[in-house]
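Notes follow the structure.
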Amino acid sequence: MPQELTTQLQFDAFADDVARELGTHCRTAPLPEYERGLARLIVDGEGRGVRLCQPDDERPDRLKIYAALPDEAQVQTPSIGVTAISARHVAREISRRLYPLHAEAAELAAQLTARQQAETSARAAVAEAVAGALPGARIEEQYRRTRIIWQHDARPPGQQGPVQVDSVCVIVGASGESVTVEASGRPDRVISMLAAIAQPAQE
């Protein structure tokens, strides 16, 4: 027979029972960010977490259980639906159905994080080389790319008249394996600037 879970106190006690059924090292904690209904976080001894939720107070026996991942922006969060027949039944369903999905999602998230860290490192190395060839350049980090802007007033010192700005804008792609360059100014200055950018690649 489904459990009577209509108050947070009852739900907390049920979550504690589920945690005990999952293992002696499991603990529970509040889940204040969940606003749709009753909820409780269960974390095991390895730091693996699940969110036990009751999304519909008109059907208090129906639970939704989500894997709790360190960075849920990386991958879709796995979840299962369970009837609150008993704490043992819910724990068994978590172990049988959700934990394997949790492991797959956590592994995928770790792979994506490692790939992004490698991309960031490679992109930073290229950006540093480009900025080194353009002293005084401004570096702007954008989503999965780096923008390097260099500008210089080409007028001789003390000369009056319209501003003559030489400029270079370099976009370093996500993995650091591609660079896009836009340069503007007098032809002789543009040629020398492009030569300066190319210099690190020739060494």
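The values are calculated or read from the model by the stated rules, or taken from the named source; none is laboratory data. All figures in this text were calculated on a predicted structure; none of them were measured in a lab. Positions of Cβ are backbone-derived with ideal geometry, glycine not excepted, and every protein chain shown enters the neighbour counts. Only protein heavy atoms, including side chains, enter the accessible area calculation; ligands, DNA and RNA are left aside. Shrake-Rupley method; radii C 1.70, N 1.55, O 1.52, S 1.80 Å.
Ignoring ligands, DNA and RNA, what accessible area per residue does the chain give at 1.4 Å, in Å²?
I get 60 Å² per residue for this part.
In the chain, with Lys and Arg counted as +1 and Asp and Glu as -1 at Cβ, which of these residues, Ala91, Leu22, Ala137, has the Cα nearest the positive end of the dipole, that is, farthest along it?
Working it through, the farthest residue towards the positive pole turns out to be Ala137.
Can you give me the three principal axis dimensions of the chain from its C-alpha atoms, in Å, biggest first?
Cα extents, longest axis first: 89, 36, 22 Å.
Using only Cα atoms, figure out Rg for the stretch 82-144 and give it as a multiple of 2.2 N^0.38 Å.
Working it through for the stretch 82-144, the quotient is 2.12.
Could you list, bin by bin from short to long, the percent of Cα-Cα pairs of the stretch 1-114 in 5 Å steps?
2, 13, 23, 26, 19, 11, 5, 2, 0, 0
State the percentage of accessible surface on the stretch 77-161 attributable to carbon and sulfur atoms; use a 1.4 Å probe and exclude ligands, DNA and RNA.
With neighbouring chains kept in place, the figure for the stretch 77-161 is 52 percent.
For the stretch 69-80, just list the computed ³J(HN,Hα) in residue order, Karplus coefficients 6.51, -1.76 and 1.60, θ = phi - 60°, integers in Hz, with x standing in for Gly and Pro.
Along the stretch 69-80, the couplings run 10, x, 9, 7, 7, 7, 9, 5, 6, x, 8, 9 Hz.
I want to verify a result. In a Gaussian network model of the chain, Cα cutoff 10 Å, which of these has the top mean-square fluctuation: Val168, Val50, Val18?
Between Val168, Val50, Val18, it is Val168 that shows the largest mean-square fluctuation.
Return the single residue from Ala183, Ala67, Ala127 with maximal mean-square fluctuation; model: Gaussian network over the chain, springs between Cα atoms under 10 Å.
Ala183
With each run of n ≥ 4 DSSP H residues scored as -39500 (n - 2.57), what mean residue ellipticity at 222 nm is computed for the chain after dividing by its residue count and rounding to the nearest 500 deg cm²/dmol?
Estimated from H runs of four or more residues: -12000 deg cm²/dmol.
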